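I have placed the structure first, in the form of structure tokens, so that the comments after it can refer back to it.
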Amino acid sequence: MEPLVTLVAVTGLLLLAGALGAIRLRRPTTALRGGLAAMFTLTAGAHFVGMRDELVAMVPPALPAPGLLVTLTGIAEFACALGLLWSRTTRLSAAVLSAMLVAMFPANVHAATGDVPWYDELGPRTAMQTVFLAATITVLARHSRTATETPAEPSLSPRPRDHRRAKAEDHVDPQAGPAPDHTPWTSSSSSSPQ
């Protein structure tokens, strides 16, 4: 349940930050990438600390070296979580995470057997995995379309000055005389101190 809460909360906070003016977070796909990165960082950490024994027990008995599989999937989840944050690797990371969610579904089925809390039963577990898969596929589909069909995300740095326009603006007409001084501390009538 914690991964779902993390995904929803972080995505929501990033959407709010975008609405409040954080330029790079204005796109919903970007907020979703951040939410997924937070969620998969959390789940990757569980492969090594806290829930490692439970995750090793989830591996179906037909698969060899459950401890090694948990370690490798934890490393992959962490690497892909980082990859979601870098635009150049977002699509690859989302594709790998989507494939991992499908490939690891049998472990979820295996874990749902036996005496488990309601949220770990097969129905709720499948629903959560479907949400996670839909999120990774959304990032995969939307990020690739966004990258090819729309201009680059707005930059935080100022636009370079157009030199043609600058020359026209900087041109002073010698017939017009000096430009008026509009500074607030000068006045048109001169007064001398007494």
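The values are calculated or read from the model by the stated rules, or taken from the named source; none is laboratory data. Being a predicted model, the structure only gives us computed values, none of them experimental. All Cβ positions, glycine included, derive from the backbone under ideal geometry; neighbour counts span all protein chains shown. Please note that ligands, DNA and RNA were not included when accessible areas were found on the heavy atoms of the full protein model with its side chains. Shrake-Rupley method; radii C 1.70, N 1.55, O 1.52, S 1.80 Å.
Tabulated results
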{"read-out": "Only one of Leu4, Leu82, Leu16 that is over 21 Å from Leu133 (Cα atoms) and of a type in the set (A, V, I, L, M)", "value": "Leu16"}
{"read-out": "Output for region 23-59, where each listed residue is open to solvent by less than 40 Å² (accessible area, probe 1.4 Å) and part of a loop (DSSP other than H, G, I, E, B)", "value": "His47, Val59"}
{"read-out": "Region 9-22: number of residues that are loosely packed, with under 14 Cβ neighbours inside 10 Å and either touching a helix residue (DSSP H, G or I) at 6+ places or on another chain (Cβ under 7 Å) or of a type in the set (Gly, Ala, Ser) (or both)", "value": "4"}
{"read-out": "Some residue of region 94-108 being free of Cβ contacts under 8 Å to residues at least 60 places away in the same chain, in contact with a Lys or Arg (Cβ under 6 Å, 6 or more places away or on another chain) and either assigned to a helix (DSSP H, G or I) or not small (Gly, Ala, Ser) (or both)", "value": "yes"}
{"read-out": "Residue within region 114-129 that is assigned to a helix (DSSP H, G or I), closer than 14 Å to Pro3 by Cβ, of a type in the set (Gly, Ala, Ser) and modelled with pLDDT of 75 or more present", "value": "yes"}
{"read-out": "Exclusive hit being free of Cβ contacts under 8 Å to residues at least 40 places away in the same chain and β-branched (Val, Ile, Thr), set Ile23, Ile75", "value": "Ile75"}
{"read-out": "Residues satisfying the stated conditions in region 66-77, i.e. closer than 19 Å to Val109 by Cα and open to solvent by 50 Å² or more (accessible area, probe 1.4 Å)", "value": "Leu69"}
{"read-out": "Qualifying residue in region 78-97 (condition: open to solvent by less than 20 Å² (accessible area, probe 1.4 Å) and over 15 Å from the mean Cα position of the chain (by Cα))", "value": "no"}
{"read-out": "Near pairs, Cβ below 6 angstrom, 6+ apart or cross-chain, from region 36-58 (in contact (Cβ under 8 Å) with a residue 60 or more places away in the chain) to any residue that is crowded, with 17+ Cβ neighbours inside 10 Å and β-branched (Val, Ile, Thr)", "value": "Met39/Thr6"}
